[in-house]
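These notes are about the structure you will find just below.
The values are calculated or read from the model by the stated rules, or taken from the named source; none is laboratory data. These numbers come from a predicted model, not from an experiment. Cβ atoms come from the backbone with ideal geometry, glycine included; neighbour counts cover every protein chain shown.
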Amino acid sequence: MELHLEPLRLPGIDPKRPVVVAGPCSAETEEQVMTTATQLCKKGIKIFRAGIWKPRTKPGGFEGVGTVGLPWMQRVQQELGMLVATEVATPRHVEAALEAGIDLLWVGARTVANPFAMQELADSLRGADVPVLVKNPVNPDLELWIGGLERINGAGITRLGVIHRGFSSYDKKLYRNLPMWHIPIELHRRIPALPIFGDPSHIGGKRELIAPLCQQAMDLGFDGLVVESHCCPDEAWSDAAQQVTPDVLDFILDKLVIREATQSTESLETLRRQIDECDNSILELLARRMRVSREIGLYKREHNMTVVQASRYSEILEKRGAQGVLCGMSAEFMKAVFEAIHEESVRQQIEIMNKE
Ligand code: PEP
Ligand code: MN
């Protein structure tokens, strides 16, 4: 389905990159909202975000203040002249947010992963004239993301954008949510008119990653950023580790290098990012393979077996060589790669076997 899109047209907002949306993960108290918004406003931020309804992984956590927070958002609009944004996940949220005059809505990653919920949201948005940003679904499924956009667009919402907030993974290491940059890049290739916002807070999950992730988003030509900012980040009721003060946010934004790249260097940059991403995956896979190797080492030690089992080694070399050739790589290259991997595996197993 082809999307029918119009520019976001946010009143008073210069569409020059980056369009910044900032504010706390959650609206907590009227005072916290007003203090944070005032500090952000002083730093020139024009769009204030705060979650009123919070999707939480487990029950018992802070699930948002609910509709009592809406008048706080209206104070931000009226007293500071900022636009305000919040997350909607159910038709009731949409109704309350529209009634309160919220300027910009976003749909959260957990909701976008559920087509029934997306259709209900879309139906409740029919006839409304409000811009909507659709986060990527928690799972790395571009079709599901586009499907969500199609549902909202099908309800007549033409001022649409997306937020790249990374993808959930079992193995949380550097990132809270893996960026998998190739997914938003492919989305941009398929729907170039769709504005893309980067969400470094939810990708990184920690403050230190906000600056580099903002820069990466800009280097990829993203249109905007959604950053979590709180007057007292350490005391935040949700996502404390990934929020920065308005002061720090201002510093980060100030240091951003915005490249008005020509088409050719932009695509080179894009391709290089993809290479970086591939290399990261190769590294992670190699590390995983070595962990398995060490476990095999333990097994062999317990069963008094030798480290190198010649028949298994030849089988690996032969099979991988043939698979590689099928994938367009030379047999020599495959042999060199798997010999090197095997050598390191053996070294790791010997280390394990000799451990007391
Ligand atoms: C949020 O923006 O605070 C939020 C809940 O995000 P996500 O849906 O990306 O987890
Ligand atoms: Mn959050």
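Observations
- Checking each residue in region 106-149 for being small (G, A, S), touching a Pro at 6+ places or on another chain (Cβ under 8 Å) and either outside any helix (DSSP H, G or I) or surrounded by fewer than 16 Cβ atoms within 10 Å (Cβ to Cβ) (or both) picks out G108, A113.
- Within region 303-314, none of the residues are among the basic types (K, R), modelled with pLDDT of 90 or more and loosely packed, with under 13 Cβ neighbours inside 10 Å.
- Scanning region 4-51 for residues that are in a loop (DSSP other than H, G, I, E, B), within 16 Å of ligand 2 (Cβ to nearest atom) and either over 25 Å from the mean Cα position of the chain (by Cα) or of a type outside the set (A, V, I, L, M) (or both) yields P24, C25, E28.
- Selection within region 38-78: residues that are without any contact (Cβ under 8 Å) to a residue 24 or more places away in the chain and of a type in the set (D, E, K, R). The member of this set that is farthest from D247 (Cα to Cα) is K58.
- Of all the residues in region 150-167, those that are touching a residue at least 40 places away in the same chain (Cβ under 8 Å) and in a loop (DSSP other than H, G, I, E, B) number 3.
- The one condition in (1) in contact with a strand residue (DSSP E or B) (Cβ under 7 Å, 6 or more places away or on another chain); (2) under 28 Å from I146 (Cα atoms) that M82 fails to fulfil: (2)
- The sole residue among I47, I52 that is among the β-branched types (V, I, T), within 12 Å of ligand 1 (Cβ to nearest atom), under 21 Å from E99 (Cα atoms) and in the same structural domain as I210 (by TED's automatic domain parsing) is I52.
- Note on region 185-205: residues that are free of Cβ contacts under 8 Å to residues at least 12 places away in the same chain and basic (K, R) amount to 1.
- Hits in region 139-173 - residues which are under 13 Å from the mean Cα position of the chain (by Cα) and among the hydrophobic types (A, V, I, L, M, F, W, C): L142, W145, V162, I163, F167
- L326 being surrounded by fewer than 12 Cβ atoms within 10 Å (Cβ to Cβ) and modelled with pLDDT of 85 or more: no
- Within region 1-16, the set of residues being charged (D, E, K, R) and either in the same structural domain as F222 (by TED's automatic domain parsing) or surrounded by fewer than 11 Cβ atoms within 10 Å (Cβ to Cβ) (or both) comprises E2, D14, K16.
- Filtering region 248-264 for residues that are in a helix (DSSP H, G or I), more than 29 Å from L104 (Cα to Cα), more than 16 Å from ligand 1 (Cβ to nearest atom) and among the hydroxyl-bearing types (S, T, Y) leaves a non-empty set.
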